[in-house]
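The values are calculated or read from the model by the stated rules, or taken from the named source; none is laboratory data. If you're wondering where the values come from, they're calculated on a predicted model, not measured in any experiment. Using ideal geometry, Cβ is built from the backbone for each residue, glycine included, and neighbour counts are taken over all protein chains shown.
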Amino acid sequence: MDAPTIAYLDNAATTRCDPRAAAEVSRFLLEEYGNPSSVHPLGVAAARALREARETLARCLEAEPGGVVFTSGGTEADDLAVLGFARTLRRHGRHLVVGATEHPAVLEAAKALGEEGFETSVVPADRAGRIDPAAVASACRPDTVVVAVMMANNELGTLAPVSEIARAVRTRAPRAAFHVDAVQAFGKAPVSLRATGADSIALSSHKIHGPKGVGALVLAPGRRPAPLLHGGGQEGNLRSGTENLPGIAGFARAAALAVESLAAEVPRWRRLRERLERGLAAALPDRLVNGDPERSVPTILSVTFPGVPGEALLHHLEARGVLVSTGAACHSRRGGSHVLLACGMAEEAVRSTIRFSFGRFTSEADVDRAVAAVPALVAELRALSR
Ligand SMILES: Cc1ncc(COP(=O)(O)O)c(C=O)c1O
């Protein structure tokens, strides 16, 4: 499918690579293809490019360059934080605290630690997907070693008060590492390691118009999780393996572009979201908008169409060139959304929910195409399921 023929409203699943980031990837694949560990000029140039990419990421996140660990993506960054911190801090305790709406990268890593004798407390979310800092505080214990709460939820867009949560963690579990998955927040809201007071932040390149298969764990000074990979000692011994320099350079370019364009993009995305919301509300007064209207990234709109099978709606929209999702991409083949269920939504409502998500290339025309297509399809599908 050609990019211009579709209205791509699934940017929370992944984004089209920005040509400027793709040009960096290409440059480091075709021209500057050295290994940063090699001592000849190609290697030296590669090492310099790697250092510059690290500095760029550090600037974007208000972190120290030495704290940036490049990974294969958001999943590895989350795993490195949860598993790595649990293992280095195990002498202080074997208790973890995670939000109920976390990405499976965090939830499954916590579950895997059960095999190593760790216990996990799950902090519930309210109907809008909000995590209450007081609830995180009361879940913390003296033996808590890892707390993980995501900054923006990938299905609802709801933002968590992460700096408040960081303060609560410091008071209640001073030895714990506080990890923030900012994969969906970065590039859509200001994200600063310093301002959040987190010990680590996970990022993913493909959510911000960078290449796939690359991300980072950004660490606060002095914080070191145990590595998951053992080998040549790259990335300060935290992530062995020859660095994916094409991906890293493309990611750094995408990150800089995301930060540069944030102030202009946020109001544009807000207008697009309002346009979509208004358009759907006018034709479908019984549709329900999910998430927190007060604190959320402007790029995600989750809508429930009561009585409509969401998956059928998705496929009918796809036939009209409008691409959306029924929830997180990683669930769409597994059925059911743990996020929406954790927010107390009935299973039937979960099955009738569609996520629209925007990116840099989303236009008013894309939104108008969805607004034009959805109401008739909703009426058709309701009639069929009656
Ligand atoms: C909130 C969140 N965390 C982590 C990930 C995983 O990132 P990656 O696809 O780079 O492994 C995703 C991607 O869906 C996400 O939305």
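Things to note:
- No other residue among VAL339, VAL308 is within 28 Å of ALA189 (Cα to Cα) and either part of a strand (DSSP E or B) or not charged (D, E, K, R) (or both) apart from VAL339.
- Of the residues SER121, SER163, the single one that is within 29 Å of PRO293 (Cα to Cα), outside any helix (DSSP H, G or I), among the small types (Gly, Ala, Ser) and without any contact (Cβ under 8 Å) to a residue 60 or more places away in the chain is SER121.
- Lone qualifier among LEU384, LEU301, LEU377 - being of a type in the set (A, V, I, L, M), assigned to a helix (DSSP H, G or I) and at pLDDT 95 or above: LEU377
- Of note, LEU341 satisfies the criterion of being within 22 Å of the chain's Cα centre (by Cα) and either free of Cβ contacts under 8 Å to residues at least 12 places away in the same chain or assigned by TED's automatic domain parsing to the domain that holds ASP10 (or both).
- Candidates LEU107, LEU113, LEU89, LEU96, filtered to the one that is in a strand (DSSP E or B) and touching a residue at least 12 places away in the same chain (Cβ under 8 Å): LEU96
- Listed conditions (1) in a helix (DSSP H, G or I); (2) crowded, with 19+ Cβ neighbours inside 10 Å; (3) not assigned by TED's automatic domain parsing to the domain that holds ALA379 are all met by ARG273, apart from (3).
- Test: residue in segment 24-33 that is within 22 Å of the chain's Cα centre (by Cα) and either in contact (Cβ under 8 Å) with a residue 60 or more places away in the chain or crowded, with 16+ Cβ neighbours inside 10 Å (or both): yes
- From the list LEU159, LEU203, the one residue that fits, being within 18 Å of ASN11 (Cα to Cα), surrounded by fewer than 24 Cβ atoms within 10 Å (Cβ to Cβ), within 13 Å of the ligand (Cβ to nearest atom) and assigned by TED's automatic domain parsing to the domain that holds THR56, is LEU159.
- Subset of segment 88-116 [in contact with a Cys (Cβ under 9 Å, 6 or more places away or on another chain) and surrounded by fewer than 21 Cβ atoms within 10 Å (Cβ to Cβ)]: ALA100, PRO104
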